[in-house]
Structures are given as structure tokens and as C-alpha cells.
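Q: Submitted below is the structure of interest, expressed as C-alpha cells.
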Amino acid sequence: MSILDQNIALRKSLQDLCNARDLAIEEFTLAGECLKRSEQALNEITSHAFPWDAKPHLSLEKFIREIDRRMWRHAFDKTGLMQYMDGKARKEFDKELDQNPPAFTMENCRENLLTAASNADEFFVRGLVEFFLALSKRHKTNTNEPFKVSRKAILGYAVSNFIGMTVNYSTYSNGSDRVNDMDRIFKTLDGKKHQPRALESAINTAWKESNVFEDEYYRIKGFKNGNMHIEFKREDLLEKANKLISDYYQGQALATGAAA
């Protein structure tokens with residue numbers, strides 16, 4: 001059964017979003033034409049009378065590209081597709097939008113959103129396997145061998161003690177991103193909406209009082225050596241994760257995961 005069990009739908013239909021995008025471009029174009037006429041009227045009387053700050057900061061081309069970027073991100077987020085994208089898929093998504101965002105039209109929506117929906121399971125499972133593979137000391141250098149997620153794990157270089165104990169957000173450790181990805185995986189397995197950075201924020205708040213955070217999903221303890229010890233409390237979600245890992249490795253026997 002597909003992990004992504006939903007229709008591609010928004011509160012506002014895709015056609016409504018496309019119509020709003022076209023109207024915004026039309027109005028921006030008209031506004032630019034009005035400003036040009038205003039400037040021309042003043043220039044007929046005297047030069048440099050038109051305030052420079054009154055001119056739009058974006059050209060029409062840049063305006064359209066920025067709108068298209070924002071509309072695509074909105075559509076992927078509201079359809080739930082963004083939650084199924086692993087770090088690699090999200091970087092590719094952001095890179096494409098930054099470099100050459102496709103026009104947010106109905107034709108492009110049908111093609112890109114349906115393609116993303118058909119690949120959602122693949123993206124999610126790939127991200128799940130890569131995340132847990134990095135936690136398994138025994139198998140992290142061998143992507144061809146199956147492994148099993150155990151109840152406890154250690155996330156290295158994930159704790160900072162610079163100003164109190166917090167989740168390490170430096171680009172060197174990627175601790176913040178890894179914690180966020182872990183929570184995305186478990187929330188998705190549980191059929192819940194993932195709120196980006198919510199777990200990191202909750203951990204930092206709890207660590208102000210002690211070095212232990214706990215909720216219904218995890219018990220997380222931070223150490224001054226930078227290690228984060230994690231206990232996964234939901235056995236049912238671990239079973240789901242291990243089933244997906246087994247399927248990913250085409251049913252090969254799972255090795256025993258190393259406990260923290």
C-alpha cells in the first residue's frame with residue numbers, strides 16, 4: 001500500500017491558484033504602465049521630478065519568477081508532498097526553483113504535482129533508509145546490506161554547549177537538520193502532519209531545565225560530548241520503519257540494529 005494515501009487537493013483549487021497568479025501579473029503590469037505614464041507626465045514639465053523610490057524594485061520578469069517560486073512551494077506544502085521529500089529531493093526541488101522555476105500554470109501543475117505524487121513513496125523510503133543507515137554504526141558504510149532499526153540510537157555531533165545545551169544547528173554537524181528529518185519520518189509513519197523545527201524547539205526548551213526531553217515519540221538526552229541519545233518509544237512505528245527497510249532491500253533478512 002502506498003505511504004502517500006491522499007488526493008492532490010488544496011483548500012483553494014489549483015485553478016484558483018493559477019488564476020490568482022495570472023491576475024497578480026496582470027495587475028503588476030498595469031501598475032508599471034501607470035507609473036511610466038506618471039513619470040512621463042512629470043518629465044514633460046521638468047526632469048528628475050519623479051521620485052526614484054516610486055519605481056518598482058522588481059522587473060516584471062523577476063516578479064513573475066518570484067511569484068512562481070512561492071506558488072510552487074505553497075502547492076507542494078499544502079498538498080503534503082513536501083513532507084515526503086527527503087533532504088536530497090528537497091535540495092533538488094529548491095535548486096530547480098532558484099535557477100529556473102517553471103511557470104505556475106495548470107498544465108505544469110498537472111505534470112509536476114502528479115509526477116511528484118508518483119515519486120513520493122520512493123523519496124520518503126530513500127530518506128528513511130539513509131537516515132537510519134547513518135545511525136547504524138555497523139552498516140553505515142555499506143548501503144547494500146539490510147539493517148534493522150533498534151529502539152535506541154546515538155546521533156553524534158548533534159548537541160551544542162556554546163550557550164547552554166541546545167540542538168547543534170551548525171552547518172558542520174547538521175544536527176538540527178537531522179533532528180528535523182527524524183521527526184518528519186516518524187510523524188509521516190504515524191500519519192500526522194509534520195511541523196518543521198517543532199521538535200528542535202521543544203528539545204531546546206526542555207534542555208533549559210534538564211538534559212532530557214520526552215514526548216510520546218522519543219526520549220532524548222543530550223551530553224556535553226556532543227552526542228544525543230535517542231530512545232524511540234513507539235514500537236509500532238519502528239515496525240513500520242523496519243518493514244519499509246526490508247522492502248527496500250527486497251526482503252533480505254534484516255541484521256540486528258546496534259543499540260545506543
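Q: Here is a check on your reading of the model: is ARG65 touching a residue at least 12 places away in the same chain (Cβ under 8 Å) and of a type in the set (Lys, Arg)?
A: Yes, satisfied.
Q: From the list ILE185, ILE220, exactly one residue is β-branched (Val, Ile, Thr), modelled with pLDDT of 95 or more and within 21 Å of the chain's Cα centre (by Cα). Which is it?
A: Working: ILE220 fails: within 21 Å of the chain's Cα centre (by Cα).
Going through ILE185, ILE220 in turn, the sole match is ILE185.
Q: For segment 93-111, give me each residue that is surrounded by 18 or more Cβ atoms within 10 Å (Cβ to Cβ), in a helix (DSSP H, G or I) and in contact (Cβ under 8 Å) with a residue 40 or more places away in the chain.
A: CYS109 - this is the single residue of segment 93-111 that is surrounded by 18 or more Cβ atoms within 10 Å (Cβ to Cβ), in a helix (DSSP H, G or I) and in contact (Cβ under 8 Å) with a residue 40 or more places away in the chain.
Q: Within segment 149-161, can one find any residue that is within 21 Å of the chain's Cα centre (by Cα), crowded, with 16+ Cβ neighbours inside 10 Å, modelled with pLDDT under 95 and not in a loop (DSSP other than H, G, I, E, B)?
A: yes
Q: Filter segment 178-198 down to residues that are surrounded by 16 or more Cβ atoms within 10 Å (Cβ to Cβ) and within 18 Å of PHE132 (Cα to Cα), then give me how many there are.
A: 12
Q: Would you check if there is a residue in segment 40-49 being modelled with pLDDT of 85 or more, among the charged types (D, E, K, R), surrounded by 12 or more Cβ atoms within 10 Å (Cβ to Cβ) and in the same structural domain as MET106 (by TED's automatic domain parsing)?
A: no
Q: Identify the residue in segment 162-175 that is among the aromatic types (Phe, Trp, Tyr) and under 20 Å from LYS208 (Cα atoms) and, among all such residues, is modelled with the lowest pLDDT.
A: Looking at the filtered set, the residue picked out is PHE162.
Q: What are the pairs with Cβ atoms under 8 angstrom where one residue, in segment 12-33, is within 14 Å of ARG70 (Cα to Cα) and the other, located anywhere, is hydroxyl-bearing (Ser, Thr, Tyr)? Sequence gap at least six, or different chains.
A: CYS18/THR105
Q: If you don't mind, there's one more thing I want to ask. It is to be established whether one or more residues within segment 206-225 are closer than 19 Å to ASP183 by Cα and part of a helix (DSSP H, G or I).
A: Yes: one or more hits.
Q: Please enumerate the residues belonging to segment 162-205 that are farther than 18 Å from LYS91 by Cβ, part of a helix (DSSP H, G or I) and of a type in the set (A, V, I, L, M).
A: LEU189, ALA198, LEU199, ALA202, ILE203
Q: Does segment 222-250 hold any residues that are crowded, with 16+ Cβ neighbours inside 10 Å and without any contact (Cβ under 8 Å) to a residue 60 or more places away in the chain, and which are they?
A: ARG234, LEU237, LYS240
Q: Follow-up. Out of everything in segment 30-80 that is among the basic types (Lys, Arg) and part of a helix (DSSP H, G or I), what residue ends up being farthest from HIS194 (Cα to Cα)?
A: Among residues in segment 30-80 that are among the basic types (Lys, Arg) and part of a helix (DSSP H, G or I), the one farthest from HIS194 (Cα to Cα) is ARG37.
Q: OK, next. ASN119 - would you say it is polar (S, T, N, Q), under 16 Å from the mean Cα position of the chain (by Cα) and either surrounded by fewer than 18 Cβ atoms within 10 Å (Cβ to Cβ) or closer than 25 Å to GLN250 by Cβ (or both)?
A: Spelling it out, ASN119 is indeed polar (S, T, N, Q), under 16 Å from the mean Cα position of the chain (by Cα) and either surrounded by fewer than 18 Cβ atoms within 10 Å (Cβ to Cβ) or closer than 25 Å to GLN250 by Cβ (or both).
The values are calculated or read from the model by the stated rules, or taken from the named source; none is laboratory data. From a predicted model like this one, the values you see are computed outputs, not experimental measurements. Every residue, glycine as well, gets a Cβ built from its backbone with ideal geometry; the counts of neighbours run over all protein chains shown.
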